[in-house]
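Down below is the structure, laid out as structure tokens.
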Ligand code: TRP
Ligand code: SF4
């Protein structure tokens, strides 16, 4: 019904590290050549956990954006914006809240988990409980169907699908829907119309998912439908409702988890990160000091790459022949750890060079960032406003 549209957000954490790049940004950069993309800074999300330190928010937003553009996010192709500058997110959040059962939010797996993990903060707030619903609004307000996220976010996307389904079920009724749908079927033409009704019956009577897919494909190919008829026929295919909000899918990154220099997961809060634009000397030192297989106490002790975080970096940064050289050299004590680390250092420095170059114009002139974001917010708003018109109408709010 709607063309593919990619949406994702990231909390503003300031300048990014290579774990962010390989875990998310690299994927975003690829997607912008395949689909229309919307990427936003989730600043309201940051406040759900860090409401006590608003003074760090602004710098974190701009610093993170520099690294998005450094990585190759291209504002000519992609809509880049800041959540709090698009108030439609909050209106949809509010309206969805009316019909969202409390239990759905309480049962989000990360909820109790995070409250435990972030014990130093008081997260027994309404905002923190509601943040997965805010995320649902972020996605649904653009009717985006593809959402690149990490594994940990999949339950949120699942809940977003349920929210959309429930919304369409509760509010996707319109007076005379059945008659309008039947009239729209006629407008498909007799051959297509007949095929559509067959597929609809197969799905509704036998739960045949393949028929549902084929029915959707048939509608997607039918050029001569109005937007209203299209929505109706999508809804009529599945039941007797209009599809107002689109159920999204998670696009998982097959991302290797990058270890930090202490071997734990890379994270700023552990202080073990390699930044995307690290000073070359600092980068070299960090990797040279990085922990290795503890069995290699002396140069002559053989090691095991599987037990060494440096090996995880070789998996990302090295080609096959270097990887074979590491495996053999490590297990036979044929190479030393510093020797082994050098190809990783070289590959990282080479990777970062273009990032540094692309970042420079934004560092020289921060007003560039502001104008890209202002433009992105306008584009995002235009799409969000269209959805909100339909949402308000469906919820009985179109009288002004
Ligand atoms: N919750 C996500 C995270 O912590 C960030 C996010 C907010 C997001 N809104 C989103 C991701 C919408 C995808 C779509 O990583
Ligand atoms: Fe790790 Fe390489 Fe040293 Fe082996 S040789 S322990 S893989 S750094």
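Can you pull out every residue in segment 355-373 that is free of Cβ contacts under 8 Å to residues at least 24 places away in the same chain, under 23 Å from residue 82 (Cα atoms) and part of a helix (DSSP H, G or I)?
Taking segment 355-373 as the starting set, the residues that turn out to be free of Cβ contacts under 8 Å to residues at least 24 places away in the same chain are 357, 360-361, 364-365, 367-368, 370-371.
From what's left, under 23 Å from residue 82 (Cα atoms): 360-361, 364-365, 367-368, 370-371.
360, 361, 364, 367, 368, 370, 371, listed by residue number.
Do any residues in segment 197-210 that are outside the structural domain of residue 185 (by TED's automatic domain parsing) and under 20 Å from residue 181 (Cα atoms) have Cβ atoms under 6 Å from those of residues that are modelled with pLDDT under 90 and in a helix (DSSP H, G or I), where the two are at least six apart or on different chains, and which pairs are they?
The qualifying pairs do not exist here.
Out of everything in segment 246-262 that is buried (at least 18 other Cβ atoms within 10 Å of the Cβ) and over 26 Å from residue 139 (Cα atoms), what residue ends up being nearest to the chain's Cα centre (by Cα)?
Among residues in segment 246-262 that are buried (at least 18 other Cβ atoms within 10 Å of the Cβ) and over 26 Å from residue 139 (Cα atoms), the one nearest to the chain's Cα centre (by Cα) is 258.
Which residues, counting only those in segment 313-322, are part of a helix (DSSP H, G or I) and more than 10 Å from ligand 2 (Cβ to nearest atom)?
Answer for segment 313-322, where residues must be part of a helix (DSSP H, G or I) and more than 10 Å from ligand 2 (Cβ to nearest atom): 315, 316, 317, 320, 321, 322.
Of the conditions (1) over 24 Å from residue 333 (Cβ atoms); (2) crowded, with 19+ Cβ neighbours inside 10 Å; (3) at pLDDT 95 or above, residue 281 satisfies every one except a single condition; which number is it?
(2)
Run down 140, 146, 133 and say which single residue is under 19 Å from residue 232 (Cα atoms) and touching a residue at least 12 places away in the same chain (Cβ under 8 Å).
140
Each row is one residue, and each column tells you yes or no for (1) assigned to a helix (DSSP H, G or I); (2) more than 23 Å from residue 265 (Cα to Cα).
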position	(1), (2)
303	no, no
325	yes, yes
335	no, yes
338	yes, no
345	yes, no
353	yes, yes
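Testing residue 237 on (1) buried (at least 20 other Cβ atoms within 10 Å of the Cβ); (2) assigned to a loop (DSSP other than H, G, I, E, B); (3) out of contact with any strand residue (DSSP E or B) (no Cβ under 9 Å at 6 or more places or on another chain), one condition comes back false. Which one is that?
Every listed condition holds for residue 237 apart from (2).
Can you tell me which residue within segment 213-226, out of those that are assigned to a helix (DSSP H, G or I) and crowded, with 16+ Cβ neighbours inside 10 Å, is nearest to the chain's Cα centre (by Cα)?
Residues of segment 213-226 that are assigned to a helix (DSSP H, G or I), as a first pass: 213-221.
Checking which are crowded, with 16+ Cβ neighbours inside 10 Å leaves us with 214-216, 218-219.
Working: 214: 28, 215: 28, 216: 25, 218: 29, 219: 28 Å.
Restricting to residues being assigned to a helix (DSSP H, G or I) and crowded, with 16+ Cβ neighbours inside 10 Å, the top hit is 216.
If residue 351 passes every condition in (1) surrounded by fewer than 19 Cβ atoms within 10 Å (Cβ to Cβ); (2) within 16 Å of ligand 2 (Cβ to nearest atom); (3) over 21 Å from residue 298 (Cα atoms); (4) in contact (Cβ under 8 Å) with a residue 24 or more places away in the chain but one, which one does it miss?
(2)
Do we find a residue being within 27 Å of residue 265 (Cα to Cα) and touching a residue at least 24 places away in the same chain (Cβ under 8 Å) anywhere in segment 78-85? Outline the logic, then answer.
Residues of segment 78-85 within 27 Å of residue 265 (Cα to Cα): none.
No, the conditions are met nowhere in segment 78-85.
Answer yes or no: is there a residue in segment 287-299 that is more than 16 Å from ligand 1 (Cβ to nearest atom), modelled with pLDDT under 95 and within 30 Å of residue 200 (Cβ to Cβ).
No, that holds for no residue.
Would you confirm whether or not segment 104-122 contains a residue that is on the phi > 0 side of the Ramachandran plot, outside any helix (DSSP H, G or I) and either modelled with pLDDT of 90 or more or away from ligand 1 (no atom under 13 Å from the Cβ) (or both)?
Looking for residues that are on the phi > 0 side of the Ramachandran plot, outside any helix (DSSP H, G or I) and either modelled with pLDDT of 90 or more or away from ligand 1 (no atom under 13 Å from the Cβ) (or both), one finds none in segment 104-122, hence no.
Any idea which of 346, 365 is away from ligand 2 (no atom under 16 Å from the Cβ) and out of contact with any helix residue (DSSP H, G or I) (no Cβ under 8 Å at 6 or more places or on another chain)?
The match here is 365.
Matching residues to (1) over 26 Å from the mean Cα position of the chain (by Cα); (2) farther than 30 Å from residue 396 by Cα:
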| residue | (1), (2) |
| --- | --- |
| 201 | yes, yes |
| 211 | yes, yes |
| 228 | yes, no |
| 239 | yes, no |
| 244 | no, no |
| 266 | no, yes |
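Check segment 153-168 and report whether any residue there is touching a helix residue (DSSP H, G or I) at 6+ places or on another chain (Cβ under 8 Å), away from ligand 1 (no atom under 16 Å from the Cβ), modelled with pLDDT of 95 or more and part of a helix (DSSP H, G or I).
yes
Collect the residues in segment 282-312 that are more than 9 Å from ligand 2 (Cβ to nearest atom) and in contact (Cβ under 8 Å) with a residue 40 or more places away in the chain, keeping them in residue-number order.
Residues satisfying the conditions are 283, 284, 287, 288, 312.
Could you say which residue among 321, 371 is within 24 Å of the chain's Cα centre (by Cα) and surrounded by fewer than 15 Cβ atoms within 10 Å (Cβ to Cβ)? Spell out how you get there, then give the answer.
Details: 321 fails: within 24 Å of the chain's Cα centre (by Cα).
That would be 371, the only listed residue that is within 24 Å of the chain's Cα centre (by Cα) and surrounded by fewer than 15 Cβ atoms within 10 Å (Cβ to Cβ).
The values are calculated or read from the model by the stated rules, or taken from the named source; none is laboratory data. Predicted model, so just to flag it, every value in this text is computed and none were measured. FYI the Cβ positions are ideal-geometry reconstructions off the backbone, even for glycines, and counts take in every protein chain you see.
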